[in-house]
Every structure is written in structure tokens, then in C-alpha cells.
Amino acid sequence: VQICNDGVDSVTLEAEAGTTNVVWYNSSDVQVGTGSQLIVTSATPGMEDGSDSYYYTANDANGCAGALCCPVAIETIDCCPAPQCVGVTITKN
């Protein structure tokens with residue numbers, strides 16, 4: 001998943017419905033959030049170098065422990081618009 005590197009653009013990751021005790025981690029196994037959703041921006045821990053992946057651990061509806069098997073990879077991209085034309089004033093002396 002790609003997001004702009006502006007610190008505002010984001011992607012929301014949501015744990016499977018019915019899970020409890022959700023804890024989110026980055027690829028370095030650093031806890032970055034709790035709860036059913038994790039909102040990732042370019043300022044989220046792990047994104048300092050422009051990319052990271054995130055997964056969660058949780059209990060399923062039966063109370064059994066589990067984890068997201070395939071981490072979600074996120075990278076930042078430059079979202080600047082195409083160069084804009086600017087005006088010029090020409091004066092003949």
C-alpha cells in the first residue's frame with residue numbers, strides 16, 4: 001500500500017471482526033497501537049525510512065490467541081503535483 005509522505009495521508013488497517021485484545025506491531029516487533037484499527041501515516045513508528053510492515057496479535061471469537069499471518073507492507077511516495085506553470089512579466093526598456 002502506498003501513501004503520500006506528507007504526514008497527513010493515511011491508510012487504516014482493521015483487525016478481523018470479532019477479535020479482542022488487539023495489539024499492533026511493526027516489522028521490528030515494536031508495539032505501535034492497540035484496538036481494532038491502526039491508522040498509519042508517514043509519521044507512524046517504523047516509517048522513518050519510507051516503508052515498513054504491520055501486523056497484529058489478538059484473541060479470536062473463541063478466546064484463542066492468534067496473529068495476522070501476512071504483515072501489511074506500506075511505503076511512502078512523493079505526492080507533489082506535476083510542476084506548475086508560473087507567470088512572468090517582461091518589460092522592454
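The values are calculated or read from the model by the stated rules, or taken from the named source; none is laboratory data. Just so it is clear, the model here is predicted, and its values are computed rather than measured. All Cβ positions, glycine included, derive from the backbone under ideal geometry; neighbour counts span all protein chains shown. These area figures cover heavy atoms from the full protein model, side chains too; ligands, DNA and RNA do not enter into them. Shrake-Rupley method; radii C 1.70, N 1.55, O 1.52, S 1.80 Å.
Based on protein heavy atoms only, the chain ends up with 68 Å² per residue of surface accessible to a 1.4 Å probe.
What does the convex hull of the Cα atoms come to per residue for segment 34-87, in Å³? Walk me through the intermediate numbers first.
On the way: hull volume 6.6 nm³, N = 54.
Cα convex hull per residue, to the nearest whole number: 121 Å³.
Annotation: extensible slack from Ala43 through Lys92 equals 12.6 nm (criterion: 0.36 nm per residue apart, minus Cα-Cα distance). Once both labels are positioned 7 Å from their Cα atoms along Cα-to-Cβ, the gap between Gln84 and Thr12 label points is 3.0 nm.
Mean sequence separation of contacting Cα pairs (under 8 Å, at least six apart), scaled by the length of segment 13-93, corresponds to a relative contact order of 26 percent.
Over every Cα atom in the chain, the radius of gyration and the widest Cα-Cα span, Dmax, amount to 20.0, 84 Å. For the chain, the Cys residues with no second cysteine's beta carbon closer than 4.7 Å are Cys64, Cys69, Cys70, Cys80, Cys85.
Got a number for carbon plus sulfur as a percent of segment 29-68's accessible area, 1.4 Å probe? Spell out each step's value before the answer.
Values: 1060 of 2150 Å².
Here carbon and sulfur together make up 49 percent of the probe-accessible area.
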